[in-house]
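Q: Sharing a structure below in structure tokens format, with a few things to ask.
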Amino acid sequence: MKKNMRILVVSAVMMLGTTTVQAQFGNLVGNLKKVKETVEDVNKKRNGDIEFTRGGTVQGFFRTRTGEFILDKTHPDGERKGKKVIFKVEKNGDVMYDDGRKVGEVLKDGTVNFHGEQGYLKVQGDGSVMMDGEKVAMINDNGQVFIYDVLIGTAKGLDKKYAALLYLGIYHNKESLAKSKAELAEVKRKQEAEVKRQQELAAQRRAQAAKNPTRTSGSSNGSTQQKVREYSIEKGSARGYVDENGVVYNWSHTKVGQLPKGNGDITDGTGHRIGSVWSGDIKDSSGNLLCCVTSGGSISVKGSNATVAEVKANGRIDMSKDSKTLGYCNCNNHVWTAAIIFCNLFKF
């Protein structure tokens, strides 16, 4: 068989030439890859696989057909060394580890027994997750999981009871949740202090503006010029503003850039060109396409028309794959929001 195959290949080379055969062979390999990808997609749909993420990164999937959580994590040693860690939820609600041990239960009333504790969690109808009478998490209808009001991960389409089992049972216990609560409380305290500081700075600017009112150019009645409207920018712990004229400021209200009203150049705080906008296309200073923004707020990148992120009505940008929020800028201009948050042209 192998000998006959070699004869066929040699004959093809002689008849078609090396370049032609190589091209056809390359096309064959490419087609085989496409077939493999198609088969994998079909298998995922057939098995009802639901990906779950933590911190914006896929950590594994839940196989609906078999009731298995298949983690990307592998066993470091033992009989299952190198094999993926699996938890299976049986039809009766029993949670089984891949070594055959029963490690918990998921009951129809929303109770999750885990870590050897009865009533470890209770999932309410609205997605609230209670532990010892305290609300520790919230799972919304989009599969986003918030622990102490902070987005931890996403498992869109996964039963909320199973999501609670995964994120607060498999990935957490009471001790780690208590530690997270303390850490998040400190983060929240710092954020509140920053908000207060920003409010004080804004009050100081208003007081200064009241002392030195700006007169309207050419006005004969001495009326003051109307203040330019500003919109807040939030990205992680960074804060800033963009006004209705496209001027971008950092948290201390220092100008860091300028966006065009329509098509035109994007400049930094000193007036140097750092990019451009043309019909929804945002490019860097070298003309490389950073992203395309539609009138509806869909964002795509070079080489694909697929939506990778979306500007929501409130100015929030979410990634399409895992719903991770990148930041906010409610300036009612999708292109400006994408340039500031998604493209990060002003380094927030």
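Q: What single numbered condition from (1) surrounded by fewer than 18 Cβ atoms within 10 Å (Cβ to Cβ); (2) of a type in the set (Val, Ile, Thr); (3) farther than 26 Å from Lys179 by Cβ; (4) out of contact with any Gly (no Cβ under 6 Å at 6 or more places or on another chain) fails to hold for Thr64?
A: Of the numbered conditions (1) surrounded by fewer than 18 Cβ atoms within 10 Å (Cβ to Cβ); (2) of a type in the set (Val, Ile, Thr); (3) farther than 26 Å from Lys179 by Cβ; (4) out of contact with any Gly (no Cβ under 6 Å at 6 or more places or on another chain), the odd one out for Thr64 is (4).
Q: May I pose another question? Taking the stated definitions as given, is Ser295 modelled with pLDDT under 90, loosely packed, with under 10 Cβ neighbours inside 10 Å and under 21 Å from Asn330 (Cα atoms)?
A: It is true that Ser295 is modelled with pLDDT under 90, loosely packed, with under 10 Cβ neighbours inside 10 Å and under 21 Å from Asn330 (Cα atoms).
Q: Still on this structure, please answer the following. For segment 101-112, enumerate the residues that are over 30 Å from the mean Cα position of the chain (by Cα) and surrounded by 15 or more Cβ atoms within 10 Å (Cβ to Cβ).
A: Matches in segment 101-112: Val103, Gly104, Glu105.
Q: Can you tell me which of Gly119, Gly143, Gly133 is over 24 Å from Thr57 (Cβ atoms) and touching a Ser or Thr at 6+ places or on another chain (Cβ under 8 Å)?
A: When all the criteria are applied, what remains is Gly119.
Okay, residues lined up against (1) of a type in the set (Ser, Thr, Tyr); (2) touching a strand residue (DSSP E or B) at 6+ places or on another chain (Cβ under 7 Å); (3) loosely packed, with under 15 Cβ neighbours inside 10 Å; (4) in a strand (DSSP E or B):
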site	(1), (2), (3), (4)
Tyr231	yes, yes, no, yes
Tyr249	yes, yes, no, yes
Thr267	yes, yes, no, yes
Gly271	no, no, yes, no
Ile282	no, yes, no, yes
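Q: Same structure again: Would you point out which residue out of Val136, Val103 is within 21 Å of Glu68 (Cα to Cα) and either without any contact (Cβ under 8 Å) to a residue 60 or more places away in the chain or not small (Gly, Ala, Ser) (or both)?
A: The match here is Val103.
Q: How about segment 79-95: which of its residues are open to solvent by less than 60 Å² (accessible area, probe 1.4 Å) and either among the aromatic types (Phe, Trp, Tyr) or part of a loop (DSSP other than H, G, I, E, B) (or both)?
A: Gly82, Phe87, Gly93
Q: Here are some residues: Asp98, Asp159. Which one is open to solvent by less than 50 Å² (accessible area, probe 1.4 Å) and among the acidic types (Asp, Glu)?
A: Just one listed residue meets the conditions, Asp98.
The values are calculated or read from the model by the stated rules, or taken from the named source; none is laboratory data. Just so you know, these numbers come straight off a predicted model, no measurement behind them. Neighbour counts run over all protein chains shown; Cβ positions are idealised from the backbone, glycine included. Calculation scope for accessible area: heavy atoms of the full protein, side chains included, ligands and nucleic acids excluded. Shrake-Rupley method; radii C 1.70, N 1.55, O 1.52, S 1.80 Å.
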